[in-house]
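S.K.: This is the structure, below, for whatever I ask next.
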Number of protein chains: 2
Amino acid sequence: MDPDGPARQVPAPTGGAQRGGSGIPGGRRKQRVSMADVARLAGVSSQTVSRVANGHPGVVGATREQVLAAMRELGYRPNSAARALRYGQFNTIGVILFGLASTGNSRTVEAIATHAAAEGYAITLIPIGIPTQDNVLGAFTRMGELAVDAVIVIIEIHLLDAGTVTLPPGVHVVVVDSDAGDRYSVVDTDQAEGARLAVRHLLDLGHETVWHVTGPKTSFAGQRRAQAWRLALEEAGRPVPPPLHGDWSAESGYAAGLALAGEPGCTAVFASNDQMALGLLRAFHERGRAVPADISVVGFDDIPDASCFVPPLTTVHQDFAEVGRRCVQGVLRQIREGGASRPGTELVPTRLVVRESTAPPPTRP
Amino acid sequence: MDPDGPARQVPAPTGGAQRGGSGIPGGRRKQRVSMADVARLAGVSSQTVSRVANGHPGVVGATREQVLAAMRELGYRPNSAARALRYGQFNTIGVILFGLASTGNSRTVEAIATHAAAEGYAITLIPIGIPTQDNVLGAFTRMGELAVDAVIVIIEIHLLDAGTVTLPPGVHVVVVDSDAGDRYSVVDTDQAEGARLAVRHLLDLGHETVWHVTGPKTSFAGQRRAQAWRLALEEAGRPVPPPLHGDWSAESGYAAGLALAGEPGCTAVFASNDQMALGLLRAFHERGRAVPADISVVGFDDIPDASCFVPPLTTVHQDFAEVGRRCVQGVLRQIREGGASRPGTELVPTRLVVRESTAPPPTRP
DNA sequence: CACGAGCATGTTTACGTGAACATCGCGAGC
DNA sequence: GCTCGCGATGTTCACGTAAACATGCTCGTG
């Protein structure tokens, strides 16, 4: 497993200046330039180098210049492992997620990374191939050993509910899109509000009721949207049609659309995401059901493409950037206050973007 | 900035067992459980703890059990900073990228993260908000200070061309989607082949020529596709229509589509990505140009949604997962062999996915 | 002119881990 | 019965950094 035991530590007593140039990086082992090397070359103590490197005051101009020159010559870069060891923190936030492919995740992660970077934190990604209990567990364990000060979880957390799962104690955690607000600090889009907006919009246009294409059963976001859809209909005293089950993919939306196209009473559909709405549009188009003249469609997410669907999609806009921002805020607060993950859910509002896929229902003959 | 200097080092002589439970993580500073703590509780030396932690042989069953019990009780997790310092490597790969939003990037990153994880490496993301020379530079510097063993760059590298940019020497680098194959190790989709496939497909269907909607000028991938498009037309002895310039967004494709709808001679369009193709479809639909009866459209990327466009899009499939896999392979090879970045370009093949957006041109009256 | 304040710089040390080397104890072989 | 050998465990040290403390010099002031 580690066949090179003794050869590893060659301490490169050759001076080190060879590394400075543009040449091939010496081949052998790590032995990156250390402060001591720089100090030796500059003729100062390593502490002075440290002071220069960190911009501490109390180093006179000439000395500083000398040190800087030595740094340049040797190509010195601070060793973050040593730094982290010294300081006890890594300036890194871990992100555990299921897949980057799903619409919102990549945008959330991007926002997280951006805001974290602005605060001087880097992002370490741990993807989970298949969201097995075991895999998630494993990721947490691995993450625990990883160089992170806090963790943001972007997985349907109820996958981890069963019994034994305990996030490593003492690790700051913020969870996205979850019902675990009673145990963790949760940031989420206000799914319920979004779904309600969609349903209300369609009812206000005069539709008798609204059909629904759900996300996968495993998705908490999808569940909440479906729940809010049902509630909005019930509050309005409307019949609740049986929901059709999708899996977020356009294909599944297409399948649902083919089924719905055969429902003569169906004049309005709320799809739990834009991809599935795209599938609906295709199905309705193929079946000769005009959107929005015969049937109205509302999506969820407001992906950039939605404005170029045929017809441009009315949808619920999610502010992924804001979700990411609040996640970072949340973990940073925990890190700085030193407190534990304070349970509670923060909701990011949504808004309805009305485009051309919705209209009043056709007048019934 | 750091007002708690002296208070920091409280060595928690209280035993440490308090941390084990589920309670609030003590509040105070890091002082995570160290091997010494575990050793104390287990009544052994810290070296024995180390041996148990690393699965080294030479620890008798009873002792091992004792140590494991102590670990559990204290909630011990190894300190990766110390480990990294000791070993001189971090088991982490840095990924510098421009944006996660763009189609392929998130999928490439996901593949990178997955394969890296399989090899025991974590991924550290450094996003660059605006791809300024300065920002990229800054990211590299930061990355240099970061705890990474190698770096994968997913930015249009020609942004960094101007003069002074030198990646920190001795850092292993693989670049995605770049023309820097002469200086760095590059992995890329075979853009030229993909574009040629698209053009050939359309010409073979009988179209006189093929129009093109490009990506942004700053994109190397887009440039290569445009170049290959032009070349394929010239090789076939066809006229080369003026390319229309897009920016990857569906909206820009829509704008291009509106323009193209007014070109009576235009019967086939090759869009440099699927989003822009979507925009084309919308524009043609609005202008009453039937796809594919009147006009054929080919995209690039094969995003999952493409099969549900109206009509389903004929497009060039990119294997992002394979790109990610090769990136990881590349950096790992460099890390293990200890060599520098060996310049050269690895191309991942593409394939044409024919759906329903292409057909022979309408018979000219 | 002497002495002390203040500042530039050097020295020591600890952070947590694990390799290398040291030690201790026990059983086997002579 | 004594010693040798080996396996289990302990001790020392270095990794690179930076805080804390120590030193030594200069300049200002009485």
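S.K.: Taking the condition free of Cβ contacts under 8 Å to residues at least 60 places away in the same chain and buried (at least 24 other Cβ atoms within 10 Å of the Cβ), does A:Leu231 pass?
M.R.: no
S.K.: Residues that are within 9 Å of DNA strand C (Cβ to nearest atom), surrounded by fewer than 19 Cβ atoms within 10 Å (Cβ to Cβ) and at pLDDT 85 or above: list the helices (runs of 4 or more DSSP H) wholly contained in the stretch B:33-109 that include at least 3 such residues. Steps first, please.
M.R.: Working: elements: B:35-42, B:46-53, B:61-74, B:80-87.
Result: B:46-53, B:80-87.
S.K.: Please work out which residue is nearest to A:Val95 (Cα to Cα), limiting yourself to the stretch A:306-341 and to residues that are aliphatic (A, V, I, L, M) and part of a loop (DSSP other than H, G, I, E, B). Steps first, answer last, please.
M.R.: Initially, the stretch A:306-341 is screened for residues aliphatic (A, V, I, L, M), giving A:306, A:310, A:313, A:316, A:321, A:323, A:328, A:331-332, A:335, A:340.
Still in the running and part of a loop (DSSP other than H, G, I, E, B): A:310, A:313, A:340.
On the way: A:Val310: 36, A:Leu313: 32, A:Ala340: 18 Å.
So the residue we want is A:Ala340.
S.K.: Could you tell me whether the stretch A:269-286 includes any residue that is acidic (Asp, Glu), more than 12 Å from chain B (Cβ to nearest Cβ) and farther than 21 Å from A:Leu352 by Cβ?
M.R.: Of the residues in the stretch A:269-286, the ones acidic (Asp, Glu) are A:274, A:286.
Checking which are more than 12 Å from chain B (Cβ to nearest Cβ) leaves us with none.
Within the stretch A:269-286 (the criterion being acidic (Asp, Glu), more than 12 Å from chain B (Cβ to nearest Cβ) and farther than 21 Å from A:Leu352 by Cβ), the answer is no, since none of the residues qualifies.
S.K.: To continue, here is another question. So how many residues does the stretch A:83-108 have that are charged (D, E, K, R) and within 16 Å of DNA strand D (Cβ to nearest atom)?
M.R.: Narrowing the stretch A:83-108 to residues charged (D, E, K, R): A:83, A:86, A:107.
Within this subset, residues satisfying the condition of being within 16 Å of DNA strand D (Cβ to nearest atom) are A:83, A:86.
Final tally of qualifying residues: 2.
S.K.: Condition first: of a type in the set (A, V, I, L, M) and under 14 Å from A:Cys266 (Cβ atoms). Now tell me which residues in the stretch A:204-224 satisfy that. Steps first, please.
M.R.: Of the stretch A:204-224, the ones of a type in the set (A, V, I, L, M) are A:205, A:210, A:213, A:221.
Matches in the stretch A:204-224: A:Val210, A:Val213.
S.K.: OK, next. Restrict the check to the stretch B:304-317 and report whether at least one residue is of a type in the set (Gly, Ala, Ser) and at pLDDT 95 or above. Spell out how you get there, then give the answer.
M.R.: First, pick out the residues of the stretch B:304-317 that are of a type in the set (Gly, Ala, Ser): B:306-307.
Narrowing the set further to residues that are at pLDDT 95 or above leaves B:306-307.
Yes - at least one qualifying residue is present in the stretch B:304-317.
S.K.: Checking the condition open to solvent by 30 Å² or more (accessible area, probe 1.4 Å) and touching a residue at least 24 places away in the same chain (Cβ under 8 Å), which residue from B:Asp305, B:Asp247, B:Asp274, B:Asp301 passes?
M.R.: On the way: B:Asp305 fails: open to solvent by 30 Å² or more (accessible area, probe 1.4 Å); B:Asp274 fails: open to solvent by 30 Å² or more (accessible area, probe 1.4 Å); B:Asp301 fails: open to solvent by 30 Å² or more (accessible area, probe 1.4 Å).
The unique qualifying residue is B:Asp247.
S.K.: I would also like to ask the following. Of the conditions (1) touching a strand residue (DSSP E or B) at 6+ places or on another chain (Cβ under 6 Å); (2) at pLDDT 95 or above; (3) surrounded by 21 or more Cβ atoms within 10 Å (Cβ to Cβ), B:Ser341 fails just one. Which one is it?
M.R.: (2)
S.K.: How many of the residues in the stretch B:197-227 are small (Gly, Ala, Ser) and open to solvent by 10 Å² or more (accessible area, probe 1.4 Å)? I'd like the intermediate steps shown before the answer.
M.R.: At the first step, the residues of the stretch B:197-227 found to be small (Gly, Ala, Ser) are B:198, B:206, B:215, B:219, B:221-222, B:226.
Within this subset, residues satisfying the condition of being open to solvent by 10 Å² or more (accessible area, probe 1.4 Å) are B:206, B:226.
Residues flagged as small (Gly, Ala, Ser) and open to solvent by 10 Å² or more (accessible area, probe 1.4 Å) within the stretch B:197-227 amount to 2.
S.K.: Test each condition in (1) in contact with a strand residue (DSSP E or B) (Cβ under 7 Å, 6 or more places away or on another chain); (2) within 14 Å of chain A (Cβ to nearest Cβ) for B:Cys266 and report the one that comes out false.
M.R.: Here B:Cys266 meets the rest and fails (2).
S.K.: Looking at the stretch B:67-77, can you tell me whether even one residue there is of a type in the set (A, V, I, L, M), within 14 Å of chain A (Cβ to nearest Cβ) and within 9 Å of DNA strand D (Cβ to nearest atom)? Working first, answer last.
M.R.: Just the residues of the stretch B:67-77 that are of a type in the set (A, V, I, L, M), to begin with: B:67-71, B:74.
Restricting the remaining residues to those that are within 14 Å of chain A (Cβ to nearest Cβ) gives B:71, B:74.
Pick out the ones that are also within 9 Å of DNA strand D (Cβ to nearest atom) and you get none.
No, there is no match, as no residue in the stretch B:67-77 is of a type in the set (A, V, I, L, M), within 14 Å of chain A (Cβ to nearest Cβ) and within 9 Å of DNA strand D (Cβ to nearest atom).
The values are calculated or read from the model by the stated rules, or taken from the named source; none is laboratory data. The structure displayed is predicted, hence computed values, not measured ones. Don't worry about glycine lacking a Cβ; one is built from the backbone with ideal geometry, like all the others, and counts go over all protein chains shown. Surface areas here come from the heavy atoms of the whole protein model, side chains and all, with no ligands, DNA or RNA. Shrake-Rupley method; radii C 1.70, N 1.55, O 1.52, S 1.80 Å.
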